Amino acid sequence: MADTTKKPTLSFEVFPPNSEVGVEKLTNTLNQLKDLRPEFISVTCSNHKADYEKTTIDLAKYVHNELKLPTMVHMPAAYVNNEQVSRILDQLDELDIHQVLALRGDIIDGFVPEKDFKYASDLTKFIKQQKPNFEVSGACYPEVHPESANRIADIKHLKEKVDAGCDQLITQLFYDNEQFYRFQEECAIADINVPILAGIMPIINRKQALHVLENCSAHLPKKFLAILDKYKDNPVALKDAGIAYAIDQIVDLATNDVDGVHIYTMNSASTAKHIYDNTSAFFQFDTIK
């Protein structure tokens, strides 16, 4: 029987913009997201970007200091070493930001990875050793990491990540909730007992839809594909249908006691607000925020 007293958390992801116009848009987006009382806002970063500390940390600082919202900073492991991570952790500690999403990150052609952190689990363990008070989240793939040999190997690596000190997991995007529920069951069998937040990315435009079709390894249900096909030349209808599909996913997840929902906002406040307006009754919010 479902626990009717339990409500999931709601959180959002944003990314540093590449232009002054983007900065203004994101500032407006963040000001609107504040009113939605998220559990936290996560700030992404490029995997091999020299100005990581300038872009990602500065944006996280704005979210934490100006908006007074709990903030999570993404930290890819592949192209950093012990010294760099220690410096970044000290910066975050000084800013009173104590949430990190530890990732391996993509391996980029032409760039040789550093040797200190081969896997996200290595970075997780290092962070916990350096800053035991930090909360470390990890990424997970309901439909198997693209580089994993199979589902069993993938769950085994995920277990290693959790055993290294990972406090919670955030999934890659998915469009078939049944895949997520299967993943939950596999985690339970493997004694992975940390909260699992469901990552949801609403489709809001044709460019994004094409990117999903070309690069997403997630199963795309018939209903989802029908939306992309029927409204591919109608941007307004595609956006409305994409958000409606995400709302249906979220309601189903909440009904089945998901620990939390993490919205990949694509820096769009209107998308996040539309989802919030139609699902807020299903979430728990800290009234202090």
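The values are calculated or read from the model by the stated rules, or taken from the named source; none is laboratory data. Every value quoted in this text rests on a predicted model; they were computed, and no experiment measured them. Don't worry about glycine lacking a Cβ; one is built from the backbone with ideal geometry, like all the others, and counts go over all protein chains shown. For accessibility, only protein heavy atoms count, side chains too; no ligands or nucleic acids. Shrake-Rupley method; radii C 1.70, N 1.55, O 1.52, S 1.80 Å.
Scanning for something in contact (Cβ under 8 Å) with a residue 12 or more places away in the chain, surrounded by fewer than 19 Cβ atoms within 10 Å (Cβ to Cβ) and more than 24 Å from residue 265 (Cα to Cα), does the range 166-183 turn up at least one residue? Checked against the condition, which is being in contact (Cβ under 8 Å) with a residue 12 or more places away in the chain, surrounded by fewer than 19 Cβ atoms within 10 Å (Cβ to Cβ) and more than 24 Å from residue 265 (Cα to Cα), the range 166-183 yields at least one hit. Pairs linking a residue in the range 6-22 that is farther than 19 Å from residue 69 by Cα to a residue that is in a loop (DSSP other than H, G, I, E, B) and open to solvent by 30 Å² or more (accessible area, probe 1.4 Å), with Cβ atoms under 7 Å and 6 or more positions apart or on different chains, are 6/257; 7/284. Considered as a group, the residues in the range 117-138 that are modelled with pLDDT under 95 and of a type in the set (A, V, I, L, M, F, W, C) include one that is farthest from residue 102 (Cα to Cα), and that residue is 117.
If you check 115, 131, 159 for being among the charged types (D, E, K, R) and open to solvent by 80 Å² or more (accessible area, probe 1.4 Å), only one passes: 115.
Among the residues of this structure, residue 169 counts as one that is part of a strand (DSSP E or B), touching a Gly at 6+ places or on another chain (Cβ under 9 Å) and within 28 Å of residue 255 (Cβ to Cβ). Among residues of the range 234-255 that are more than 21 Å from residue 7 (Cα to Cα), those with a Cβ under 8 angstrom from a residue that is of a type in the set (S, T, N, Q) and surrounded by fewer than 17 Cβ atoms within 10 Å (Cβ to Cβ), sequence gap 6+ or separate chain, pair up as 235/205; 238/205; 239/205.
Hey, residue 10 hits all of (1) within 24 Å of residue 122 (Cβ to Cβ); (2) modelled with pLDDT of 90 or more but one; which does it fall short on? Single failed check for residue 10: (1).
For the range 102-158, a residue qualifies if it is part of a helix (DSSP H, G or I) and either more than 20 Å from the chain's Cα centre (by Cα) or of a type in the set (D, E, K, R) (or both), and the qualifying residues are 122, 125, 126, 128, 129, 130, 151, 152, 153, 154, 156. Pull up the range 247-274, narrow it to residues that are among the charged types (D, E, K, R) and under 18 Å from the mean Cα position of the chain (by Cα), then point me to the one that is least open to solvent (accessible area, probe 1.4 Å). It comes out as 259. In this structure, residue 15 does satisfy being at pLDDT 90 or above, open to solvent by 30 Å² or more (accessible area, probe 1.4 Å), within 30 Å of residue 254 (Cβ to Cβ) and within 16 Å of the chain's Cα centre (by Cα). Answer yes if at least one residue in the range 18-35 is open to solvent by less than 20 Å² (accessible area, probe 1.4 Å), at pLDDT 90 or above and farther than 22 Å from residue 260 by Cα, and no otherwise. Within the range 18-35 (the criterion being open to solvent by less than 20 Å² (accessible area, probe 1.4 Å), at pLDDT 90 or above and farther than 22 Å from residue 260 by Cα), the answer is yes, since at least one residue qualifies. All of 67, 95 fail the test of being surrounded by fewer than 21 Cβ atoms within 10 Å (Cβ to Cβ), within 26 Å of residue 271 (Cβ to Cβ) and of a type in the set (A, V, I, L, M), apart from 67. Taking the stated definitions as given, is residue 54 open to solvent by 20 Å² or more (accessible area, probe 1.4 Å) and modelled with pLDDT of 95 or more? Criteria not met by residue 54. Looking at the structure I just gave you, is residue 89 open to solvent by 20 Å² or more (accessible area, probe 1.4 Å), in contact with a helix residue (DSSP H, G or I) (Cβ under 7 Å, 6 or more places away or on another chain), more than 30 Å from residue 281 (Cβ to Cβ) and at pLDDT 90 or above? Taking the combined requirement at face value, the residue does not satisfy it.
The rows are residues; the columns are (1) assigned to a loop (DSSP other than H, G, I, E, B); (2) free of Cβ contacts under 8 Å to residues at least 12 places away in the same chain; (3) open to solvent by less than 90 Å² (accessible area, probe 1.4 Å).
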| site | (1), (2), (3) |
| --- | --- |
| 194 | yes, no, yes |
| 198 | no, no, yes |
| 210 | no, yes, yes |
| 214 | no, yes, no |
| 217 | yes, no, yes |
| 220 | yes, no, yes |
| 225 | no, yes, yes |
| 228 | no, no, yes |
